[in-house]
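A.B. asks: Take this structure, written in structure tokens, and hold onto it; I'll ask about it next.
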Number of protein chains: 2
Amino acid sequence: MQKTGQHEKAFNALGDPMRRLIFEKLRSRPLSVADIAHGLPVSRPAVSQHIRILKDARLIRVRRSGTRNFCEIDPDGVLAMRIYLDNFWDTALAAFKTVAENQTDDE
Amino acid sequence: MQKTGQHEKAFNALGDPMRRLIFEKLRSRPLSVADIAHGLPVSRPAVSQHIRILKDARLIRVRRSGTRNFCEIDPDGVLAMRIYLDNFWDTALAAFKTVAENQTDDE
DNA sequence: ACTTACGGTAAGCAATTGCTTACCATTAAA
DNA sequence: TTTAATGGTAAGCAATTGCTTACCGTAAGT
């Protein structure tokens, strides 16, 4: 009973360029919200809102430390997308084969 | 020199629920535009517009046959996303390790 | 030639989304 | 305790996006 689409929210979250940018920033190391906002062409509250969406999609995790919120990649959401795409890939290629066979249906 | 982000358009395209639905419909077999629209809660022109975006993202291909346009999965866009995520996965996990090591920095 | 099926495009509208500026709460430093 | 740093949330606005209807072109069928 897999709860329909953990990947749905993830795709939705990464559908936005700014969120992909934030996601990329966290690729190599955890950063505080302010750190993330620094250098981005949007305000800090805007970043906060993006962070919530990324968190809901389980693409990042937020860990509080003092007054700062450190964000880091959450493997769960990333894995969900990988699994979905890997699975999609397999069935799509299988379908391709079937079509090819039916097309070369020659005996 | 990889041309910055073939995956960008793909993530953008799959960021929309209706486009994910269309994408899913094509998973097992090619379908005409009308076939895709049939059963969806939106008009056929709406489907046409989604198809263009999916095509631009190289997630689907369109092959004309008589008066019908058959859509099918394009492995290119899917592969681009897979490669991006696989790569992301690797570097993110490597970063996790580094953090863990520095955290247990006890001598 | 007429008609029907298929489907792309444009214009306009409605809903959603992303951003900003407030404002407030919490924690650490003075 | 006062002050500064950090950051979440709300309200409002602007831009984008997705949808519809209308229209037109092309290819098959009659």
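A.B. asks: Somewhere in the range B:44-57, is a residue in contact with a Lys or Arg (Cβ under 8 Å, 6 or more places away or on another chain) and near DNA strand C (Cβ under 8 Å from one of its atoms)?
C.D. replies: Within the range B:44-57 (the criterion being in contact with a Lys or Arg (Cβ under 8 Å, 6 or more places away or on another chain) and near DNA strand C (Cβ under 8 Å from one of its atoms)), the answer is no, since none of the residues qualifies.
A.B. asks: Still on this model: Counting only residues that are outside any helix (DSSP H, G or I) and closer than 15 Å to A:Arg20 by Cβ, which one in the range A:54-76 is nearest to DNA strand D (Cβ to nearest atom)?
C.D. replies: Among those residues, the one meeting the criterion is A:Cys71.
A.B. asks: Looking at the range B:1-35, which of its residues are more than 15 Å from A:Asn12 (Cβ to Cβ), among the aliphatic types (A, V, I, L, M) and more than 12 Å from DNA strand D (Cβ to nearest atom)?
C.D. replies: B:Met1, B:Leu26, B:Leu31
Results for (1) more than 9 Å from chain B (Cβ to nearest Cβ); (2) modelled with pLDDT of 95 or more; (3) under 26 Å from B:Gln6 (Cβ atoms); (4) exposed (fewer than 14 other Cβ atoms within 10 Å of the Cβ), shown as yes or no for each residue.
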site: A:Gln6; (1), (2), (3), (4): yes, no, yes, no
site: A:Lys9; (1), (2), (3), (4): yes, yes, yes, no
site: A:Leu14; (1), (2), (3), (4): no, yes, yes, no
site: A:Pro17; (1), (2), (3), (4): no, yes, yes, yes
site: A:Arg20; (1), (2), (3), (4): no, yes, yes, no
site: A:Phe23; (1), (2), (3), (4): no, yes, yes, no
site: A:Leu26; (1), (2), (3), (4): no, yes, yes, no
site: A:Leu31; (1), (2), (3), (4): yes, yes, no, no
site: A:His50; (1), (2), (3), (4): yes, yes, yes, no
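A.B. asks: Restricting to the range A:33-48, give me the number of residues that are buried (at least 18 other Cβ atoms within 10 Å of the Cβ) and out of contact with any strand residue (DSSP E or B) (no Cβ under 7 Å at 6 or more places or on another chain).
C.D. replies: 2
A.B. asks: Has the range A:60-71 got any residue that is at negative phi, of a type in the set (S, T, N, Q), in contact with a Lys or Arg (Cβ under 6 Å, 6 or more places away or on another chain) and more than 8 Å from every other protein chain (Cβ to nearest Cβ)?
C.D. replies: No, the range A:60-71 has no match at all.
A.B. asks: Something else now. So which helices (runs of 4 or more DSSP H) are wholly in the range A:1-53 and hold at least 3 residues that are under 18 Å from A:Asn69 (Cα atoms) and in contact (Cβ under 8 Å) with a residue 24 or more places away in the chain?
C.D. replies: Helices (runs of 4 or more DSSP H) meeting the threshold: A:17-25, A:33-37.
The values are calculated or read from the model by the stated rules, or taken from the named source; none is laboratory data. All values reported here derive from a predicted model rather than from experimental measurement. Positions of Cβ are generated from backbone atoms using ideal geometry, with glycine treated the same way; all protein chains shown enter the neighbour counts.
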